[in-house]
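K.L.:
Dumping the structure here so I can ask a few things about it.
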Amino acid sequence: MIGQFRSLNFINLFVLFFLVYILRIGLYVQLPESINTGFSEVGNRLLISQSDTIFTPFTNVTLAAIVVFIQALLFNRIVNTFNIIGKSTFLPALVYIVSSSVFTPFLFLSPPLICNFFLLFMVYRILAPSKDMAFITTMFDLGMVTAIGTIFYFPFIGMILILWLALLIFRPFNWREWIAVILGFCTIIFFLGVYYFWNDKLAAFYAIWRPLTSAFPIFVRIQLQDYIVLLPIAIGLLLGFYHLRENFFKSFVQVRKTFQLLFFIFIIAAFTFYLKPDYRINHFHLAVIPVSALLAYYFLQANKKWFYEPLFLCIIGFVVYFQFV
């Protein structure tokens with residue numbers, strides 16, 4: 001399968017669409033009676049009364065599959081446009097779809113999944129070439145995007161650090177660009193605050209930011225059997241890191257900087273879970289983009305077919321199997 005997706009073959013689009021639903025077959029067979037997706041929090045934040053069961057389980061899973069498929073194509077376009085892995089292929093889309101299906105909660109439509117649209121847009125705008133004055137505008141826009149993403153899913157506020165890290169990695173220091181990030185973010189938050197004020201809910205507006213005062217947890221309870229599915233992915237990531245290290249200084253400067261940015265996205269996505277009091281595993285949807293980039297890099301660089309093909313099939317097998325157990 002990896003060999004098939006190493007080329008830009010139009011038929012791969014149909015295979016990808018089919019694969020999205022194959023990876024959800026266990027869920028379609030055993031649909032839950034109801035799904036608590038977390039969208040009620042978005043409604044509460046916008047002072048709109050909304051139930052978490054706005055969609056039936058079947059509709060929710062189907063819409064999530066369509067969203068993942070669209071995001072995979074967008075991610076694939078970004079990777080190919082900026083030559084991140086060294087060749088134009090459908091591997092990024094393939095790996096993105098698989099990575100977005102690792103855990104059963106990933107298969108539902110949820111705020112973190114929607115926030116990946118914002119994150120993809122941010123990565124694209126950061127990598128897209130622009131002139132100095134235009135980049136100030138870009139940072140202002142991305143500050144607003146981060147604020148909108150924060151309204152959808154509060155831990156997304158951590159991505160404001162990504163914008164500053166991107167400035168450190170890609171740009172010479174320009175204080176206007178750094179300030180533009182804050183101004184863009186505060187613009188959306190200001191209008192949100194005015195909206196709360198008009199509705200006489202200013203105390204609720206202050207409560208939105210309370211998680212920022214939470215202490216980082218020292219202990220996190222982990223059920224190891226729930227994470228066995230990550231074993232083949234971890235192997236792929238380690239091998240991808242090995243190949244990246246081998247070729248790091250042979251790559252274009254832009255590619256090296258891009259992988260540094262993706263690394264920081266992974267770190268921030270991994271460590272902002274504590275900003276949500278009722279933490280759910282679907283938070284780690286935010287880490288799918290950097291994980292997919294590194295896995296795609298490995299599967300493109302790997303030359304031992306007898307190993308990388310079974311490894312990928314093992315990942316798919318684990319994903320489907322653990323939906324039934």
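K.L.:
Anything in the range 243-272 that is at pLDDT 90 or above and among the hydroxyl-bearing types (Ser, Thr, Tyr)? List them, or say none.
P.N.:
258
K.L.:
If a residue must be assigned to a helix (DSSP H, G or I) and within 13 Å of residue 108 (Cα to Cα), how many such residues does the range 8-24 contain?
P.N.:
So in the range 8-24, the residues assigned to a helix (DSSP H, G or I) come out as 11-22.
Next, only the ones that are within 13 Å of residue 108 (Cα to Cα) stay: 20-21.
The total comes to 2.
K.L.:
Here is a further query. For a quick check of your reading of the model, give me the residue pairs whose first member lies in the range 298-316 and is polar (S, T, N, Q), whose second is surrounded by 12 or more Cβ atoms within 10 Å (Cβ to Cβ), with beta-carbon atoms closer than 9 Å and at least 6 apart or on different chains.
P.N.:
That search, which allows pairs on different chains as well, returns 301/85; 301/86; 301/239; 301/240; 301/243; 301/244; 301/247.
K.L.:
Taking the range 158-184, which residues are among the basic types (Lys, Arg) and either outside any helix (DSSP H, G or I) or within 17 Å of the chain's Cα centre (by Cα) (or both)?
P.N.:
171
K.L.:
Now for a separate question. Just to be sure, is residue 150 part of a helix (DSSP H, G or I), within 22 Å of the chain's Cα centre (by Cα) and modelled with pLDDT of 95 or more?
P.N.:
No; evaluated as a whole, the condition is false for this residue.
K.L.:
Sticking with this one: Considering each of 48, 11, 25, 85 in turn, give the residue that is out of contact with any Lys or Arg (no Cβ under 8 Å at 6 or more places or on another chain), modelled with pLDDT under 95 and surrounded by 14 or more Cβ atoms within 10 Å (Cβ to Cβ).
P.N.:
Just a single option satisfies the conditions, and that option is 85.
K.L.:
Return yes when residue 68 is part of a helix (DSSP H, G or I), touching a helix residue (DSSP H, G or I) at 6+ places or on another chain (Cβ under 7 Å), crowded, with 18+ Cβ neighbours inside 10 Å and not aromatic (Phe, Trp, Tyr) and no when it is not.
P.N.:
Yes; evaluated as a whole, the condition is true for this residue.
The values are calculated or read from the model by the stated rules, or taken from the named source; none is laboratory data. All figures in this text were calculated on a predicted structure; none of them were measured in a lab. Reconstructed Cβ throughout: ideal geometry from the backbone, glycine too, with neighbour counts over all protein chains shown.
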